[in-house]
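One structure is given below, encoded as structure tokens.
The values are calculated or read from the model by the stated rules, or taken from the named source; none is laboratory data. Predicted model only: the values in this text are computed from it and were never measured. Side chains are part of the model used for accessible areas, which takes the heavy atoms of the whole protein and leaves out ligands, DNA and RNA. Shrake-Rupley method; radii C 1.70, N 1.55, O 1.52, S 1.80 Å.
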Amino acid sequence: ETADDFTVAALQRLTDGFLDAIIGAADSLPHELRSLAHRVSKAVHSRWPGRESSVVGAILFLRFWCPLLLAPAEHGLVHWAGDPESAVSANASAGLLNISKILQHLANGVAFRADPMYS
């Protein structure tokens, strides 16, 4: 097993964990966000039946979940006694960026390529 295999496996486990947490929290979303998702779903259904979930998912990931992953300190998700900008290490930030890319690809239904796009 190469270092790249280990990194990919670790990234897959972390992404699975984030995705499970997001899906598990769906019922805990604020009413306004669930209402927005419902309205978007209805609008999409009238124009592109069968695409509701992918469009709503793409919007939620692009506009809500991924920004939280990319800037957790600015959204109050991590707390550090010192400077909030230093609350997430460079390695953690790179990992969160890769997780965000993967989640966005999944939400958009984009196929993954064999070349290293997550560097």
Area accessible to solvent at LEU106, 1.4 Å probe radius, in Å²: 90
Extension gain from LEU62 to ALA92, taking 0.36 nm per residue of separation minus the Cα-Cα distance: 8.8 nm
Sequence of ILE59, ILE99, ILE22 from largest to smallest accessible area, 1.4 Å probe: ILE59, ILE22, ILE99
